[in-house]
Amino acid sequence: MSKRAMITGITGQDGSYLAELLLDEGYEVIGVVRRSSTVTFERIAHIQDRLTLVAGDLLDEVSLIQVLRDHRPDEVYNLAAQSFVQASWSQPVLTGETTALGVTRILDAVRIVDPEIRFYQASSSEMFGKVQAVPQNEDTPFYPRSPYGVAKLYGHWITVNYRESYDLHASSGILFNHESPRRGFEFVTRKVTHGVARIKLGLDVKLSLGNLDAQRDWGFAADYVRAMWLMVQQDAPGDFVVATGETHAVRELCEIAFAVVGLDYRDHVVIDERFLRPAEVDLLVGDPSKAEKVLGWSRDVGFHQLIEMMVESDMDQVSRLIG
Ligand code: NAP
Ligand code: G4F
C-alpha cells in the first residue's frame with residue numbers, strides 16, 4: 001500500500017519540490033492550503049491533479065486536527081511559515097504566531113490524532129544568526145538576529161521537546177539558504193535574477209539592493225527536499241544541518257547573474273537603505289558532514305549552475321510576458 005504524506009506550505013518553493021519528490025516515490029500527497037482571496041497554486045499547477053488539497057491554517061489548531069483526522073497521513077512535513085526575514089521586523093507577532101507557535105499547533109495535532117505519525121520541521125540557518133563558530137554544525141550554539149530567527153529557534157526546540165516528551169519521530173532539518181526558479185521574488189537571489197532579466201530585456205535600468213557584503217551558503221531547493229525526506233525515513237529522528245559548505249557574497253551573486261547575459265552589475269546595481277536590515281547575519285556557512293554520513297545525502301547543483309539556471313528561467317519568463 002502506498003504511503004501518505006501531508007505537507008503544510010505546499011504552495012511555497014520547497015512544498016512544490018517536495019510534493020514532486022514524494023509523488024515520484026509513490027506517495028499519496030495531501031497538501032494543506034490556507035484560505036486566501038486569490039489562488040496561490042502557480043508552483044503546483046503542473047501536479048495539481050495528482051494532489052489532494054485540503055483547507056488548514058497554522059494559526060488554527062482545530063483545522064490541523066481535522067485534516068489529520070480526515071486523512072491519517074504516515075508522515076507530516078511542516079514547511080509552512082512566514083518565511084521572509086525582512087518582514088519579520090514589521091510583523092514580529094504574526095511571525096511568532098505562524099513560524100513559532102504554529103509548530104506547537106501542528107505537533108500537538110499530531111500527538112492528539114496519532115503519535116506514530118513521523119514529523120519533519122523546517123528549521124533554518126537563521127537560528128545561528130550572529131555566528132558563534134564557522135562553519136556551523138548541529139553542535140554550534142544558536143544566536144538568532146531577527147524575529148524570524150527567534151521564531152524558528154522556538155520551532156526547533158519545541159520539535160526537540162515533543163520528541164523527548166512524547167517519543168514522537170520528529171526531526172528538525174537546519175537548512176541553509178536554498179533557491180530555485182520557483183523562489184519568491186522578494187528573496188535576494190530571485191530579486192537579482194529577475195532584475196537581470198528585466199534589465200537585459202529593456203524593462204528596467206537599475207536594481208536596488210541592500211547589503212552586498214552579506215554572505216550566504218546557497219544551494220538548490222530540489223537537492224534540499226531530498227534531505228527532508230531522508231530524515232523522515234531514518235529509524236531514529238534527529239537534527240541535521242543541510243548546506244553546501246561554501247559561502248558567497250551578495251556582490252558575487254550579482255557579478256555572476258549579470259555576467260550570464262553579458263552585463264556588468266556595477267552599471268546597474270544601486271544601494272537602497274530600505275533593504276538594509278536592523279540586524280544582519282553576516283556570514284552563514286554550514287557543515288553538512290552529518291547529513292552526508294548518516295543520510296547519504298549530497299547535492300547535485302553548485303552555486304554557479306544554480307544562478308545560471310535561475311537567470312535563464314527568468315529570461316524565458318519575462319520574454320513570454322512581453323511577448
Ligand atoms: P515559502 O516559499 O515562503 O512558502 C511558505 C509557505 O507557507 C507557503 O505555502 C505559504 O502559503 C505557507 N503559509 C504561510 N503562512 C501560513 C499559515 N498561517 N498557515 C498555513 N500555511 C501558511 O517558503 P520556502 O522557501 O518554501 O521555505 C519552506 C520552509 O522552510 C519555511 O518554513 C521556511 O521558513 C523554511 N526555510 C527555508 C529556507 C530557504 O532558504 N528557502 C531555509 C531554511 C528554512 P501561501 O501560499 O498561502 O502564502
Ligand atoms: O534572500 P534573503 O532575503 O534571505 P535570508 O534573509 O538569508 O533568509 C532566507 O534564508 C533563510 C535560511 O538562512 C531562511 F530561513 C529564510 O526563510 C529565507 O528563505 O537575504 C539574503 C541576504 C541578507 O543578508 C540580506 O541582507 O541578502 C541580503 N540582501 C541584500 N540586498 C538582500 C537585499 N535581501 C533581500 N531580500 N533583498 C535585497 O534587496
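For the range 294-323, what are the residues that are under 25 Å from A243 (Cβ atoms) and in a loop (DSSP other than H, G, I, E, B)?
Answer for the range 294-323, where residues must be under 25 Å from A243 (Cβ atoms) and in a loop (DSSP other than H, G, I, E, B): G296, W297, S298, R299, D300, V301, G302.
Take the residues in the range 152-167 that are under 17 Å from the mean Cα position of the chain (by Cα) and farther than 13 Å from Y120 by Cβ; name whichever of them is surrounded by the most Cβ atoms within 10 Å (Cβ to Cβ).
Per the stated criteria, the residue is K152.
Based on what the data block shows, is V93 open to solvent by 60 Å² or more (accessible area, probe 1.4 Å) and among the aliphatic types (A, V, I, L, M)? Before you say what the answer is, go through the steps one by one.
Values: open to solvent by 60 Å² or more (accessible area, probe 1.4 Å): yes; among the aliphatic types (A, V, I, L, M): yes.
Yes; evaluated as a whole, the condition is true for this residue.
One residue is enough: does the range 71-93 have a residue meeting the conditions farther than 21 Å from R163 by Cα and over 22 Å from the mean Cα position of the chain (by Cα)? Lay out the reasoning, then the answer.
So in the range 71-93, the residues farther than 21 Å from R163 by Cα come out as 71, 82-93.
If we keep only those that are over 22 Å from the mean Cα position of the chain (by Cα) as well, we get 71.
Yes - at least one qualifying residue is present in the range 71-93.
The values are calculated or read from the model by the stated rules, or taken from the named source; none is laboratory data. What you see is a predicted model; the values in this text were computed from it and never measured. Counting neighbours? That spans all protein chains shown, and the Cβs are built from the backbone with ideal geometry, glycine included. Ligands, DNA and RNA are excluded from the accessible area calculation, which covers all protein heavy atoms including side chains. Shrake-Rupley method; radii C 1.70, N 1.55, O 1.52, S 1.80 Å.
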